[in-house]
Amino acid sequence: MPIKNFRAPQKKAEKPSGSPILVSDYMTTNLITFKPDQSVMEVMDSLIKNRISGGPVVNNNGELIGIISEGDCIKQISESRYFNMPMAETTVENHMVKNVDVIDGNMNIFDAANLFLKSKRRRFPIIQDGKLIGQISQKDILKAALEQKGNTW
């Protein structure tokens, strides 16, 4: 007979007062990623179905090699129409941003907020040991601020 656990769900351990609030505390780790050989059409479908504005592009080793966004897809649509080229064969690798800024998961969330303001980016990937481990978005920063309710700053 299986063992039943009657314990109530446990809350996430609270950080001691005065501890820095880190990017790793609020980053998304269950990411929708793309491959460089995927078609841009597949990416557009995934962006719409998952209600996201972009995502990291990784190789077979889980290493970040770029980011593709709605804007990159829209640019491809515009170019495709202008040059009368079919989109079916266009791949992520040809349209992703390859020069990607990343941040450390141990960065203070408010320093990350400052980076968002300076860079005009919507998301930053988090890398550890060369592998993509998460992503922090502007929305994640807002969630952190709401959760803290202004008590820690």
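Read the figures in this text as sums done on the coordinates, not as results from a lab. In this text, all values refer to a predicted model and were calculated from it rather than measured experimentally.
Of 118/149; 35/98; 35/131, which ones are farther than 19 Å apart at the Cα? Mind showing how you got there, number by number?
Numbers: 118/149 24 Å; 35/98 13 Å; 35/131 14 Å.
Those over the limit are 118/149.
May I ask for the percentage of alpha-carbon pairs in segment 23-148 that lie more than 21 Å from each other? Numbers along the way, then the final one.
Details: 3247 of 7875 pairs.
That fraction is 41 percent.
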